[in-house]
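The values are calculated or read from the model by the stated rules, or taken from the named source; none is laboratory data. The structure displayed is predicted, hence computed values, not measured ones. Using ideal geometry, Cβ is built from the backbone for each residue, glycine included, and neighbour counts are taken over all protein chains shown. When the accessible area is computed, the model is the full protein with side chains, heavy atoms only, and any ligands, DNA or RNA have been set aside. Shrake-Rupley method; radii C 1.70, N 1.55, O 1.52, S 1.80 Å.
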Amino acid sequence: MFVLLFGLGYLWAAAAGRADRLFITLAAVGKLSFFALLVWFWAVGALPVRAPLVGAGDLIFGILFLAWLYGTRAEVPAAHRLPGRAAEPGRQPY
């Protein structure tokens, strides 16, 4: 069910032409956590070595999502970071 829901979320983000940072963060955490679980269960002998190898795609996408998040950090204008400062001319304050 989670694979279907995230797949639909990826489709929605692609069709919209924009990616919500929270969704990409959740996707990255989910993919990296899944890979970590596969490695853990392999390490304790509950899964064959093939399991983490098959899940390596999740590791790769998790890293790519984190790289995208790191590379697209939102820059907040200085006037909006400091309380009591006026907004730029022509823009409404928060």
Residue list for segment 19-49, restricted to those being in contact (Cβ under 8 Å) with a residue 24 or more places away in the chain and among the hydroxyl-bearing types (Ser, Thr, Tyr)
Thr25
Count of segment 76-86 residues which are open to solvent by less than 60 Å² (accessible area, probe 1.4 Å) and either part of a loop (DSSP other than H, G, I, E, B) or modelled with pLDDT of 95 or more (or both)
1
Subset of segment 50-75 [touching a residue at least 40 places away in the same chain (Cβ under 8 Å) and open to solvent by less than 70 Å² (accessible area, probe 1.4 Å)]
Phe65, Leu69, Thr72
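Out of the residues in segment 8-49 meeting the condition of being basic (Lys, Arg) and touching a helix residue (DSSP H, G or I) at 6+ places or on another chain (Cβ under 9 Å), tell me which one is least open to solvent (accessible area, probe 1.4 Å). Show your work before the answer.
The initial filter retains those residues of segment 8-49 that are basic (Lys, Arg), namely 18, 21, 31.
From what is left, the residues that are touching a helix residue (DSSP H, G or I) at 6+ places or on another chain (Cβ under 9 Å) are 21, 31.
Details: Arg21: 87, Lys31: 39 Å².
The selected residue is Lys31.
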